[in-house]
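The values are calculated or read from the model by the stated rules, or taken from the named source; none is laboratory data. Because the structure is predicted, anything quoted here is derived from the model rather than measured. Cβ coordinates were reconstructed from backbone atoms using ideal geometry, including for glycine residues, and neighbour counts include every protein chain displayed.
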Amino acid sequence: MELSLSATYARALKLNEGSAQVPFGKERIRGAQKFKEATLRETAAFLRDFASLTSGKNFSERELARMLGNSCVETASFFFSAGSSNEIWKGWCYAASEAFCMSQDFSYSMQLAAISGAALGKEMGTILRDAELKSYREQVVQFVIFRQSGGRLPFNLPQGSPDENYQSLLHALRSDNAKTLSSAIESIAQYWLNETSYGIFEPGIYPVFEPEINAVVAALLAQGLILEFTNPRIRKFLEAARQ
């Protein structure tokens, strides 16, 4: 299906139907459910106003796509945190991926697409696979996601930590050793755990899951690799990828 802002907006509107009645299980991130009313009210207000934003001339399509992507990923983050079914939060995550692709934030788009678990359409998949990304880490993530469909190896060199951890991940992937690969992923996850707060829901801070390493893990699991994480805190940190 061809990418279009109107189609992604229609997808978001469809996802928003019945949001107030979405059932929740156990919270994945503590304290999220009490923000249900405020979060869904904010999402509905944005989607209601988005049609008028698109009819004006104050914003480019790229800017509009970024606004829509941010709203979708914030909503995805809430539903993930509050304990919705995977179908719900991943649906919002994929809509965000489409929007960020149209905003030309290709790195973020491919990360969210991998986490959503949805099959990439031909147009979007080709765009993300062939995008010229700037950083070594982005190029590693791109290779991992598309390594079975013509993905290319990074052409930049690692620039210190955490790039060196991602380089170790690539070496481990070549060795085809599940234990070594899992250990490399745990090192990256630990780096991000040291850099971020995780475990308590904070409105306006999204997504709660770290997209880069969760995208890597989601892609590798989808490709049939077996990963084992011994640290329960890291398993929790990678929960979005393992759903």
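Checking 63, 17 one by one, the residue that is outside the structural domain of residue 232 (by TED's automatic domain parsing), in contact (Cβ under 8 Å) with a residue 12 or more places away in the chain and among the acidic types (Asp, Glu) is 63 and no other. Condition test on residue 25, is it touching a Gly at 6+ places or on another chain (Cβ under 6 Å) and either surrounded by fewer than 16 Cβ atoms within 10 Å (Cβ to Cβ) or under 20 Å from residue 6 (Cα atoms) (or both)? Against the criterion (touching a Gly at 6+ places or on another chain (Cβ under 6 Å) and either surrounded by fewer than 16 Cβ atoms within 10 Å (Cβ to Cβ) or under 20 Å from residue 6 (Cα atoms) (or both)), residue 25 qualifies.
Close Cβ contacts (under 6 Å, 6 or more residues apart or on different chains) running from residues in the range 127-156 that are in a loop (DSSP other than H, G, I, E, B) to residues that are among the small types (Gly, Ala, Ser) comprise 133/107. Hey, any hits in the range 47-63 for a residue that's assigned to a helix (DSSP H, G or I), charged (D, E, K, R) and buried (at least 17 other Cβ atoms within 10 Å of the Cβ)? No, the range 47-63 contains no residue that is assigned to a helix (DSSP H, G or I), charged (D, E, K, R) and buried (at least 17 other Cβ atoms within 10 Å of the Cβ). Determine if the range 125-148 includes at least one residue that is in contact with a Lys or Arg (Cβ under 8 Å, 6 or more places away or on another chain), farther than 12 Å from residue 110 by Cα, not assigned by TED's automatic domain parsing to the domain that holds residue 210 and not basic (Lys, Arg). No: the range 125-148 contains no residue that is in contact with a Lys or Arg (Cβ under 8 Å, 6 or more places away or on another chain), farther than 12 Å from residue 110 by Cα, not assigned by TED's automatic domain parsing to the domain that holds residue 210 and not basic (Lys, Arg).
Taken over the range 101-122, the criterion of being part of a helix (DSSP H, G or I) and under 17 Å from residue 10 (Cβ atoms) is satisfied by 101, 102. Scanning the range 10-22 for any residue that is within 30 Å of residue 139 (Cα to Cα), of a type in the set (A, V, I, L, M) and at pLDDT 95 or above turns up at least one such residue.
Pairing each residue of the range 173-188 that is in the same structural domain as residue 212 (by TED's automatic domain parsing) with any residue that is loosely packed, with under 14 Cβ neighbours inside 10 Å and among the acidic types (Asp, Glu), provided the two are 6+ apart or on different chains, yields C-beta distances under 9 Å for 178/228; 179/228; 182/228. Of all residues in the range 57-107 being among the polar types (S, T, N, Q) and over 18 Å from residue 203 (Cα atoms), which is nearest to the chain's Cα centre (by Cα)? This residue is 97. Against the condition modelled with pLDDT under 95 and more than 19 Å from residue 29 (Cα to Cα), how does residue 175 come out, does it pass? Taking the combined requirement at face value, the residue satisfies it. Among the candidates 42, 74, the residue that is in contact (Cβ under 8 Å) with a residue 60 or more places away in the chain, assigned to a helix (DSSP H, G or I), outside the structural domain of residue 215 (by TED's automatic domain parsing) and surrounded by 15 or more Cβ atoms within 10 Å (Cβ to Cβ) is uniquely 74.
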